[in-house]
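Here's the structure we're looking at; comments come further down.
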Amino acid sequence: MMIATLIVWAHALAGLVFGVLALSQVSRAGAALPHMAFLVALATTACWALAIAGIGAGDPISWIAEAARNIAWLVFMGALVRRGHDAPSVRPVAIIYAMLALMVLIGAGLSAISAALPVWSDHGAIDQVAGILRMLVAVTALVLVDHLYKAVAPSARGGIRLAVAALALMWGFDLALYALSYLDAAQLPALTLLRGIAVVLIAPLFALAAHRNGDWALQLSRTIAYQSISLGGLLLYGTVMVLATGALGTVGGDYGRLLQTAFVVGSTTALVTIISTPWLRAWIKVKLAKHFFTHRYDYRAEWLRFTDTLGKPGDGAAPLDERIVKAVADLTDSPAGLLLVPDGAALGQGAVWNWELAAAPLQSGEAVLARYLESSGRIIELDSVRADTADPAETNIVPIWMLDRADAWVLVPLVHFGKLAGAILLARPPIDRRPDWEDLDLLRIAGRQVASYLAEARAHEALSDAQRFDEFNRRFAFIMHDIKNIVSQLSLVARNAERHADNPDFRTDMVATLQNSAARMNDLLARLSQHHSGRPDALGPVEIVPLIERVIALRRALHPIATAGLRDAIALADPARVEQVLGHLLQNAIDASPVDDPITVMVGRADHAITIDVVDHGPGMSPAFIRDKLFKPFVSSKSGGFGLGAFEARQLAEAMGGRIEAFSREGEGSRFRFTLPAAVTAQRQIGQAA
């Protein structure tokens, strides 16, 4: 008895609060649909609360009042969605709201019929179906509330946040009431009381929402509209399932559960089979775009997908040319495509995507077609050419093999800065249609975009070729420098042979020099080969003094060279590269020194590194020359020099983790210091890092 009294007072208070709130909105309602719908929803909520307080929750009038309340709030939500948008763009959402309103009316009607039946009659099945429908209405309404919030632009959500929260609480309590009472009818009075108290607390949220939002304007997203269509289909399917299984359970008798199971499994299997058909999905998309939206394409979504296909290949992705065909084909749902690329003056077969290669000849177009596509940039509709309704300029230039293929739909030119980068032949979409202005505009823009991708890819290929030629030319320049050094050595040997030919030691050095020159020439030929992969980068401990003596021994016949310093120096290096660096430094010192003035090679240690100093007493160099020109390629202080020795020596030294420094004073000579990491120190650092 106490709960019944509290139910009356709670709902009476709710009716009073919503009634006052409705009266406060009368002056603001005007002719605007959201304001008027908000006023009506507040008023019907007040009437519903008063009906429960005065008549009772189980009376047919209360069910009708609740149905009116739900429909009024649905109209208000639909008005928010419709606000500021044309009819085609909100039509899918309006269908969902209409279907839900129909479910509300069916549930209220079933409850009214159940209440009108005699007490002694068996109307439990009707009450059960009505209860399930009310739960389904509450769940669907909550989904639509979530849809309403997500459908607006993020900047506009603050204005409706309170209204959305209030609606979610209202239908959330409805769902809790019907679900828990369905499981245990004894809890119905207590749950009804709690719902009445909740409705009283919800009223201030509606008041604040009305105060903060003056225009109730939203921005509906196209993706949400498509999702709404899917939601509507699911709601319709759920409603049919509830009604059909309820009817089968009533008339089936002992076999009712078996009939219900068979119906649900069979209908669900059939529905999934139908929906999974690609043709049906394409048909639905075309019909929705045609009848519910002003434009066929959601350009933002299409462009994001287009750029993702081109710019985010991922692991194991197809080559760029194939991704280009797929990206353009996906715009119009074409199932296949063929890329035609410039082949001389005509067009040749390029990348394919789901296209039968046997159906296209290697020579895929005449020169006149390529010139027409390049000059006009027009998309050729092959159906128009087949029907002789196309531009006369296109009638006789399309190859016969394209026209013979019934699935060939359009030919899209790819023009970049007035040059034809290729053309894409698209297959006919699953739903046959003539390309309209939107198709042509989108394909034309996409064609220009992918043409830039193709042009950039070809530019990268050309740059790569140029880099390979540059590497070959650089290698050839170094080799020419080395050849010059070898020629200089051989010339000195030839001159000295005139004076020292009878000296056995000289003859021994001369033979060693000739052998070394031949070996270096063979190495130069290997380095010149474009297939030569270069020396390995592996470094290891190298005894410096024996290596220096070996290099000096090959040049003592050319010039006097002395050694000094450490005898046990071990560096972490590549012996062949060290020899090459020392060869450059010694040759430069020999060229710069007087004939009988010896060159000194000194080995030392400094800061955990091995140093090799090559000292000559030649004319020296100015600080400006050392700073600005010494290590620059093609700059030399010697007549006829290539200017590559110091440059290549520095590169080789840096490749081994070392460096080369030059110290010189004009008129006094030069000192070149070749520094390498000490083997023990370097190995210890590597071990600590590991």
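The values are calculated or read from the model by the stated rules, or taken from the named source; none is laboratory data. Predicted model, so just to flag it, every value in this text is computed and none were measured. For neighbour counting, all protein chains shown are included, and Cβ atoms are generated from backbone atoms with ideal geometry for every residue, glycine included. To get the accessible areas, we keep the full protein, side chains included, count just its heavy atoms, and leave off ligands, DNA and RNA. Shrake-Rupley method; radii C 1.70, N 1.55, O 1.52, S 1.80 Å.
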Task: Principal axes of segment 361-433: Cα extent on each, largest first, Å - done: 34, 24, 24
Task: Ranked order, H608, H11, H35 - accessible area, probe 1.4 Å, largest first - done: H608, H35, H11
- [ ] Please compute the net charge surrounding L105, taking Lys and Arg as +1 and Asp and Glu as -1 over other residues with Cβ under 15 Å from its Cβ.
- [x] +1
- [ ] Would you tell me the accessible area of R567, worked out with a 1.4 angstrom probe on the heavy atoms of the protein chains, in Å² to the nearest 10?
- [x] 140 Å²
Open item on the list: Quick check: at a probe of 1.4 Å, how many percent of the accessible area of segment 542-596 sits on carbon and sulfur atoms?
Closed with: 55 percent
- [ ] Work out the FRET efficiency for H460 and E438 from their Cβ-Cβ distance, taking R0 = 45 Å, and round it to the nearest 0.05.
- [x] 0.85
Open item on the list: Let me cross-check E374: its accessible surface, 1.4 Å probe, with only protein heavy atoms counted, in Å² to the nearest 10?
Closed with: 70 Å²
